Structure formats: structure tokens, C-alpha cells
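Chemist: Okay, handing you the structure first.
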Amino acid sequence: MTYFSFHFLLCNAIICIFLGILLGLKRLLQNQLSARMQYNLSIIFLVVLIVPFFPIKSAPSSISWGHLLMPNSNTNGDIQTTFLSGNSYTLNKINDFAVSVSTQIPTFIHSLLVFFWSIGVFVMFVLLYRSAKQVKALHSSALPLQNEVINTLYIDCLNETNIKNTIPIYSTAFLKSPVLAGFLRPRIYLPIHLISDFNAGTISATDLRYMLLHELQHYKHKDILVGYLINTANVFYWFNPLIGYFLKRIRQERELACDAAVLQLLKETEYTSYGNTLINFAETIALTPFPLTMGISGNAKQLKGRILNIASFHQPTFKQKIRGYLICIFVSTIIIGCIPILSVYASDQTGYHFDTTEKNITQLNLSSNFGDYTGSFVLYDQATDKWNIYNIDNASTRVPPNSTYKIYDALLGLESGIITPKHSTFTWNGEPCPFESWESNQDLTSAMHNSVNWYFQAIDSQAGFQSVKTFLQTINYGNQNTGTNLNLYWTDFSLKISPIEQVELLQNFYQNNFHFDRKNIQEVKNALLLSTTSSGSLYGKTGTGRVNGKDVNGWFVGYIESDNNTYYFATNIQAPSNATGSQATEITETILSDFGIWK
């Protein structure tokens with residue numbers, strides 16, 4: 001729920017930006033586009049409003065509001081240390097330290113936003129349902145049109161608009177103006193008072209013909225469907241004034257487009273007569289009775305705009321039509337192109353597209369190993385070029401790397417010359433630390449094994465913000481986002497990476513596809529060494545994401561180097577609590593043992 005609230009609000013912000021651009025383009029091109037083309041562009045943009053409700057890979061519930069998290073100002077923060085249990089030499093050698101970050105916006109705020117939005121949706125849905133009931137009641141009270149003269153006129157209008165289907169026409173006492181209603185079975189309803197006035201000679205056949213042509217043009221251009229889309233969008237976006245304005249504008253453009261379609265059927269000498277029909281019946285047709293109906297009506301301001309458009313209307317030339325179509329296609333392409341962009345950025349780039357083309361992938365069922373944890377496991381066998389993946393959706397979802405990023409932060413320090421393989425020691429400044437092992441001078445190996453935050457923060461501080469960002473881009477690390485705080489960007493939900501990307505990066509690191517200094521690569525490898533047995537050598541780094549005092553995100557990534565093969569792995573677990581790097585390590589060792597890779 002909380003993830004949806006942020007995702008939906010972010011989508012709204014981005015949609016408003018795109019909408020502002022669209023409205024600007026339409027204003028700029030208003031003399032080049034016909035009323036119909038202006039309307040068509042608005043209809044296409046309606047599709048964008050569906051994007052926030054596309055199925056997306058959501059963040060786990062325990063960290064779903066992480067996009068709005070900020071670290072504590074104290075770099076040591078609220079520290080949690082977890083010493084691993086078990087008899088494994090590897091486990092006993094890893095100290096899993098986690099720095100807690102706290103929410104800037106409490107979770108209950110998100111829940112409150114969703115609650116109020118849901119209340120609004122419910123109220124708008126009730127009003128829409130009420131309108132649907134009114135349309136149903138309208139049909140129940142209506143009778144098939146009995147006036148033969150009007151029926152003949154109506155058939156002529158059907159032929160004039162080249163509509164092959166016979167649309168039923170009814171008379172009713174509950175309307176002031178003609179309307180088209182009905183989604184699956186459209187019908188036209190004429191007010192009895194218009195029929196009476198026609199019989200009395202107060203209303204001419206020409207006036208009635210214009211009204212019928214208008215309703216038939218609504219039918220021909222599927223405006224009923226568009227009307228339902230507009231009203232549905234209004235239900236879910238009731239709180240957004242810009243989108244509300246846009247939906248209101250579509251209704252206005254719909255009437256302008258419908259007027260233009262009618263005028264194209266008329267002779268130029270009839271344009272004034274059509275405009276006079278709108279003026280003469282302005283009071284009678286002032287408002288459409290129900291939101292789910294199409295009519296010739298509109299308020300006084302809308303009718304004024306329509307009269308002005310009628311007065312300036314001229315039949316478009318062939319050249320103007322082609323130009324309008326080309327512009328419409330171009331702008332439509334831009335709108336459609338915005339949809340994947342909106343989807344990606346509104347989801348904060350939480351999904352990684354893993355190209356499975358020509359890859360040998362086996363999907364595993366390791367639910368028993370993960371127990372109550374949500375998570376994933378990725379293993380790449382270099383010798384056989386084979387991937388083994390548990391929960392590929394989660395394995396493609398980006399989450400904070402936590403301390404596993406220190407593998408590459410170390411590389412940044414070495415490649416920048418801040419530290420060297422022979423001189424990697426930083427002097428402790430004497431300030432109290434939460435752990436005795438941190439209160440001493442540190443070299444790269446000790447800092448890596450004890451996950452000493454101040455050591456890697458010193459590297460980032462000396463490198464500078466721009467160098468860190470450039471380095472992330474160079475190695476293509478996850479979403480490459482450092483946020484605005486270099487202290488804990490790898491754990492404060494700025495920087496994110498998926499387990500699959502972790503494994504791909506480890507391959508590039510091991511094989512030095514970055515083309516870094518080989519001595520620097522080797523120095524980091526030495527710092528990652530955890531254990532050597534008859535199975536080979538295990539290299540790895542844990543990471544724990546601690547939020548508001550609870551461990552919600554656990555990592556163990558690394559590789560196993562044997563005599564004739566190298567295996568790369570990444571394990572990630574999430575839970576409301578107790579999801580630590582140590583737990584991820586235990587799960588990993590069990591799986592690797594079951595595979596016969598590590599004993």
C-alpha cells in the first residue's frame with residue numbers, strides 16, 4: 001500500500017509534466033491542427049493515465065517506502081552488529097555491521113494518503129454509478145419514437161453520415177435536449193417537448209436535422225467510449241486539478257470536433273444556420289443531464305467558443321489534411337514514447353531488464369531454504385555458461401546494496417590513487433565508535449572484513465561527489481544514483497542494484513572487464529577472501545539494510561574460485577525484521593553445499 005502511494009504520486013507528477021508539454025504543443029500548433037486532430041491527441045494521451053496502474057515489480061513490503069528514506073546525520077548512526085552463529089569458519093569470520101536509517105516521512109502518512117484517496121475514489125464511483133442508474137432509468141421511461149416525419153428525417157441523417165447500423169431512437173419526457181447514451185447498445189433520446197414543438201412548427205426540420213447529425217457524429221467517432229474513459233479517469237484522479245482541467249478540456253474538444261464533423265457534411269451556406277441552432281436553443285440545451293451521455297449541449301462559455309469556431313470554419317484542403325495527419329502522428333509517437341519512460345522513472349528504476357536471449361537459465365525452487373524470507377538467489381557457472389536463479393522477479397528487482405557496495409568503493413579508492421595496494425591504511429581520528437574494532441587504524445582488508453563505514457566514507461569524501469557518480473557510470477552500477485548525501489548513499493535507498501546485476505558486476509570485476517590496474521583488482525580480491533578449503537577459495541561481502549532499527553534487507557555476494565572453474569553468486573533476502581547479511585550467508589552456504597560447489 002505504501003509503495004503504491006509513492007508510486008502513484010510520482011506518476012502524477014511526471015504525468016503533469018508531460019501534460020504541460022502536450023498542452024504547450026497543442027497551443028503552438030493550434031492553427032495547424034483541425035479540431036478533430038486536437039481531440040485525437042487528447043484521446044491518445046488518455047492512455048498515459050493508465051500507466052500508474054500497470055503491474056510493476058513492487059518493492060517488498062518491508063522496504064516499500066524506501067524511496068523517501070534519508071540517513072541520520074550521524075555517520076555512525078544506530079548501529080546493529082550481528083555475529084554469525086554456526087560452526088562454519090566462513091561464518092565465524094564475518095562481522096555483519098548495519099547502520100540504521102530512519103524514515104523522513106512516517107509510514108502512517110502514506111497509509112493516510114491512500115485512505116483519503118480511496119475515500120475520494122469511492123465517492124466518485126458512487127456518483128458515476130448514480131449516473132449509470134439514471135441512464136438506465138431514462139431508458140426505462142422512454143418509448144420508441146412514433147413520429148413518422150421525424151423517423152424519416154432520422155433515416156436520412158443516418159444515410160447522410162454513412163452509418164450502416166440502425167441506432168434505435170426514443171422519445172422521453174425527462175430530457176431537455178437530445179442525447180446519445182448506452183455503451184454496448186447506443187440509443188438516441190429525443191425530448192418530447194422538441195417533438196411537440198416540431199409538430200407545432202416552432203422547431204424547423206433543419207434545426208432537428210442538425211441535432212440528429214450532431215448525435216450521430218458522436219456515435220460514429222466512438223465518443224461514448226471516450227466518455228466512459230474520461231469519467232473513469234476522473235474517478236481515480238479526482239484530487240489532481242491539472243488532470244481535472246485536462247479531462248474537462250477533452251469534453252470541450254469533443255464538442256468542437258463533433259461540430260466540425262457536422263459542418264463537413266453541410267454546405268458553406270448552412271454554417272450560419274447550424275450556429276444559429278446552437279444560439280436559439282442555448283437555454284434549452286444548456287447542460288448535458290448525465291456524465292455518461294453525449295449531447296449537443298454545453299455551458300454558455302463552451303457554446304460561445306463553439307460559435308466562434310463555427311464562424312471561422314472552412315473545409316480543409318488536401319494539403320492541410322496531410323499536414324495535420326503528419327503532425328498528429330509525430331506528436332502521437334512522442335506521447336506513446338513517453339509511456340515506457342513514465343513507467344521506468346515512476347517506478348524509480350526498481351526493475352532491471354535481464355536479457356535472457358541465448359542464455360542457459362535454470363529456474364530453481366529454493367523456497368524451503370528461504371523460509372519466511374522474501375528474496376532471491378543467483379548463481380553463474382562460468383565453465384558451463386549456465387545461470388541458476390531462484391525467484392527471477394526478485395532477482396531482477398533493484399534494492400539498496402548496503403555494504404556489498406564497498407567492494408567497488410574500494411576499487412574507486414585504488415583507481416583514484418586515494419589508497420594503493422602498498423599504502424591502504426587510514427588513521428583513526430580518535431572519535432568514539434560503536435565497535436572496538438573500528439577504533440583503530442584500518443587498512444583495506446580490515447576495513448572490508450569489519451565493514452568500517454568511516455574508512456569508505458573517507459574514500460568518497462576525498463574522491464568527491466562527481467568522481468563517485470562518474471565511477472558508478474563507468475562500471476554501470478545499478479541505478480547509478482548517489483542521491484545528495486555521500487555518507488550512506490549505498491544504504492539510504494539512493495543507490496540500488498539487483499542480484500542479477502551483482503553477479504554480472506562480479507564477473508566484470510573478476511575478469512577485469514573494467515580495464516583497471518590489475519594490481520588494484522587483486523588487492524580488492526585479497527580483501528574479499530573469506531576462506532580456503534579443498535573446495536577452493538571463497539570470496540564475498542555481506543550487507544545489511546537496517547531501517548528504523550529493524551533489519552529489512554540482507555545480502556551475501558561473492559564468488560568461489562576452484563582449480564578449473566569460477567562460480568559467482570548473489571543472495572538477497574527481505575523481511576520486516578531479522579533480514580541480515582549473516583542470514584543471507586547461511587542460506588547461501590546451504591545452497592552451495594547442496595549443489596556440491598562448497599563444503
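The values are calculated or read from the model by the stated rules, or taken from the named source; none is laboratory data. Just so it is clear, the model here is predicted, and its values are computed rather than measured. Here Cβ is always computed from backbone atoms with ideal geometry, including for glycine, and neighbour counts include all displayed protein chains. SASA here: full protein model, heavy atoms, side chains in, ligands and nucleic acids out. Shrake-Rupley method; radii C 1.70, N 1.55, O 1.52, S 1.80 Å.
Chemist: Cβ-Cβ under 9 Å, sequence separation 6+ or interchain: first residue in region 368-389 and without any contact (Cβ under 8 Å) to a residue 60 or more places away in the chain and open to solvent by 20 Å² or more (accessible area, probe 1.4 Å), partner part of a strand (DSSP E or B) and not hydroxyl-bearing (Ser, Thr, Tyr). Which pairs?
Modeler: Pairs found: Thr384/Asn360; Asp385/Asn360; Lys386/Asn360; Lys386/Ile361; Lys386/Leu379.
Chemist: If Asn369 satisfies all but one of (1) assigned to a loop (DSSP other than H, G, I, E, B); (2) under 20 Å from Gly540 (Cα atoms), what's the number of the condition it fails?
Modeler: Result: Asn369 fails condition (1) only.
Chemist: Considering region 518-532 alone, what residues qualify as being assigned to a strand (DSSP E or B) and touching a Gly at 6+ places or on another chain (Cβ under 8 Å)? Spell out how you get there, then give the answer.
Modeler: Residues of region 518-532 assigned to a strand (DSSP E or B): 529-532.
Once the filter is applied, which keeps residues that are assigned to a strand (DSSP E or B) and touching a Gly at 6+ places or on another chain (Cβ under 8 Å), region 518-532 yields only Leu530.
Chemist: Scan region 61-82 and give yes if some residue there is open to solvent by less than 50 Å² (accessible area, probe 1.4 Å), at pLDDT 90 or above and in contact with a Ser or Thr (Cβ under 7 Å, 6 or more places away or on another chain), otherwise no.
Modeler: No, there is no match, as no residue in region 61-82 is open to solvent by less than 50 Å² (accessible area, probe 1.4 Å), at pLDDT 90 or above and in contact with a Ser or Thr (Cβ under 7 Å, 6 or more places away or on another chain).
Chemist: Also: Hey, among the residues in region 38-53 that are modelled with pLDDT under 90 and more than 14 Å from Ile336 (Cβ to Cβ), which one's most open to solvent (accessible area, probe 1.4 Å)?
Modeler: Among residues in region 38-53 that are modelled with pLDDT under 90 and more than 14 Å from Ile336 (Cβ to Cβ), the one most open to solvent (accessible area, probe 1.4 Å) is Phe53.
Chemist: I've got another one for you. I'd like the residue in region 495-513 that is in a loop (DSSP other than H, G, I, E, B) and touching a residue at least 60 places away in the same chain (Cβ under 8 Å) and, out of all such residues, is surrounded by the most Cβ atoms within 10 Å (Cβ to Cβ). Spell out how you get there, then give the answer.
Modeler: Filtering region 495-513 for residues in a loop (DSSP other than H, G, I, E, B) gives 495-496, 498, 511-513.
Right, trim to touching a residue at least 60 places away in the same chain (Cβ under 8 Å) and you get 495-496, 498.
On the way: Leu495: 24, Lys496: 24, Ser498: 27.
Per the criteria, the residue is Ser498.
Chemist: Tell me, please, whether a residue that is among the small types (Gly, Ala, Ser) and touching a residue at least 40 places away in the same chain (Cβ under 8 Å) can be found in region 556-566.
Modeler: Within region 556-566, the subset among the small types (Gly, Ala, Ser) is 558, 562.
Add one more test, that the residue is touching a residue at least 40 places away in the same chain (Cβ under 8 Å), and what stays is 558.
Taking every residue of region 556-566 in turn, at least one turns out to be among the small types (Gly, Ala, Ser) and touching a residue at least 40 places away in the same chain (Cβ under 8 Å).
Chemist: Of Thr397, Thr445, Thr357, which residue is among the β-branched types (Val, Ile, Thr) and farther than 23 Å from Asn476 by Cα?
Modeler: Exactly one of Thr397, Thr445, Thr357 is among the β-branched types (Val, Ile, Thr) and farther than 23 Å from Asn476 by Cα, namely Thr445.
Chemist: Now for a separate question. Return the total of residues in region 390-404 being surrounded by fewer than 24 Cβ atoms within 10 Å (Cβ to Cβ) and in a helix (DSSP H, G or I).
Modeler: 3
Chemist: Another one. Just wondering, is there one or more residues in region 529-537 that are of a type in the set (Val, Ile, Thr), over 20 Å from Asn394 (Cα atoms) and at pLDDT below 95?
Modeler: The initial filter retains those residues of region 529-537 that are of a type in the set (Val, Ile, Thr), namely 532-533.
With the extra rule that they be over 20 Å from Asn394 (Cα atoms), the set shrinks to 532-533.
This time we only want the ones that are at pLDDT below 95, so: 532-533.
Yes, region 529-537 contains at least one residue that is of a type in the set (Val, Ile, Thr), over 20 Å from Asn394 (Cα atoms) and at pLDDT below 95.
Chemist: Still on this model: So Gly596 clears everything in (1) out of contact with any Leu (no Cβ under 8 Å at 6 or more places or on another chain); (2) buried (at least 16 other Cβ atoms within 10 Å of the Cβ); (3) over 15 Å from Val378 (Cα atoms) except one condition, right? Which one?
Modeler: (2)
Chemist: Oh, and also: Whether any residue in region 538-556 is at positive phi and in contact with a Lys or Arg (Cβ under 9 Å, 6 or more places away or on another chain) is what I want to check.
Modeler: Within region 538-556 (the criterion being at positive phi and in contact with a Lys or Arg (Cβ under 9 Å, 6 or more places away or on another chain)), the answer is no, since none of the residues qualifies.
Chemist: Which of the residues spanning region 252-284 are under 15 Å from Lys304 (Cα atoms), open to solvent by 40 Å² or more (accessible area, probe 1.4 Å), out of contact with any Asp or Glu (no Cβ under 9 Å at 6 or more places or on another chain) and assigned to a helix (DSSP H, G or I)?
Modeler: Those that are under 15 Å from Lys304 (Cα atoms), open to solvent by 40 Å² or more (accessible area, probe 1.4 Å), out of contact with any Asp or Glu (no Cβ under 9 Å at 6 or more places or on another chain) and assigned to a helix (DSSP H, G or I): Gln252, Leu256, Thr272, Ile279.
Chemist: Please enumerate the residues belonging to region 208-242 that are among the aromatic types (Phe, Trp, Tyr) and open to solvent by less than 10 Å² (accessible area, probe 1.4 Å).
Modeler: Let us first name the residues in region 208-242 that are among the aromatic types (Phe, Trp, Tyr), namely 210, 219, 228, 236-239.
Residues satisfying the conditions are Tyr210, Tyr237.
Chemist: If Phe6 meets every condition in (1) of a type in the set (Phe, Trp, Tyr); (2) at pLDDT 85 or above; (3) crowded, with 20+ Cβ neighbours inside 10 Å apart from one, which number is that one?
Modeler: Every condition holds for Phe6 apart from (2).
Chemist: If you check every pair at least six apart or on different chains, which have Cβ atoms under 9 Å apart with a residue in region 540-553 that is over 10 Å from Pro400 (Cβ atoms) first and a residue that is of a type in the set (Lys, Arg) and buried (at least 24 other Cβ atoms within 10 Å of the Cβ) second?
Modeler: Lys541/Lys406
Chemist: Here is a follow-up. So which residues in region 550-587 are out of contact with any helix residue (DSSP H, G or I) (no Cβ under 9 Å at 6 or more places or on another chain) and crowded, with 22+ Cβ neighbours inside 10 Å?
Modeler: Answer for region 550-587, where residues must be out of contact with any helix residue (DSSP H, G or I) (no Cβ under 9 Å at 6 or more places or on another chain) and crowded, with 22+ Cβ neighbours inside 10 Å: Thr580, Gln583, Ala584.
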